[in-house]
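Peer 1: Questions regarding the structure given below will be posed in turn.
Nothing in this text is a laboratory measurement; each read-out follows from the coordinates by a stated rule. Note that the structure is predicted; figures quoted are calculated from it, not measured. Note that we place each Cβ from the backbone using ideal geometry, even for glycine, and neighbour counts take in every protein chain shown.
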Amino acid sequence: MTQSLQQELLAVIHWFHAKGWAPATSTNYSFRNPLPESDTYTISRSGVDKGAFKVEDFMVIDAKGQPLEAYRHLRPSAETLLHTLLYEQPEVNAILHTHSVANTVYSWIHREEKAVKITGFELLKGLQGITTHLAEVWIPVFENEQDIASLSKKVKTRLEEYPNTPGFLLAGHGLYAWGNSIAEAKRHIESFEFLFECLNQIESRR
């Protein structure tokens, strides 16, 4: 099962790179390992060009973000603690992160806001639990910072205010989204990316 999940995530990583959502060595990805190892997570290692990413570039970490013995020669993503934080939610089984132009620009424009509201778009229905374009979806926005432990605490507190939104933005940095499967997390990323492109175009015409 883990090998098939690795192949599924690998295909997503390559597709994101082809879309321009994972330039250079940026972005990170993970999934919760199946039972009986569901307290460990497979995550992309740091510093690898996502266009050339291979199965061998995955590694396994524990709930504290520490590599398991067999992977201690590899370096996990600098943002690993954000992944382990999100996995505290039992329904989260996959986490994806993108650095598209659209989400980077949109998050920078709204960097001083606590969260941004999106409503009126048909593709909102690509998000779990949304059945109408009239729904109001709030996307938390966080200041980008290098102290990931500090950032993780802020994310945890803010997500408690917006428990139904499967994603957040780091200003000038990128988008995190998650789901109960790799496929659902990918759908959430696609939906958000489309929405941010629409919103950027609308704002540029004001």
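Peer 1: When the chain is modelled as a GNM with alpha-carbon springs shorter than 10 Å, which of His73, His14, His83 fluctuates the most?
Peer 2: Looking only at His73, His14, His83, the biggest GNM fluctuation is shown by His73.
Peer 1: Specify the inter-centroid distance of region 16-69 and region 152-206, based on alpha-carbon positions, in whole Å.
Peer 2: Cα centres, region 16-69 to region 152-206: 19 Å.
Peer 1: Could you bin all the Cα-Cα distances of region 2-204 into 10 Å bins starting at 0 and give me the percent of pairs in each, rounded to whole numbers?
Peer 2: Spelled out bin by bin, region 2-204 gives 9, 38, 38, 14, 2, 0 percent.
Peer 1: Another question about this same structure. Positive end of the dipole of the chain, charges at C-beta (+1 Lys, Arg; -1 Asp, Glu), about the Cα centre: which of Met59, Leu170, Gly20 has its Cα farthest in that direction?
Peer 2: After comparing all options, I get Gly20.
Peer 1: Considering lysine pairs in the chain that are 8 or more places apart or on different chains, how many have Cα atoms under 20 Å apart?
Peer 2: 15
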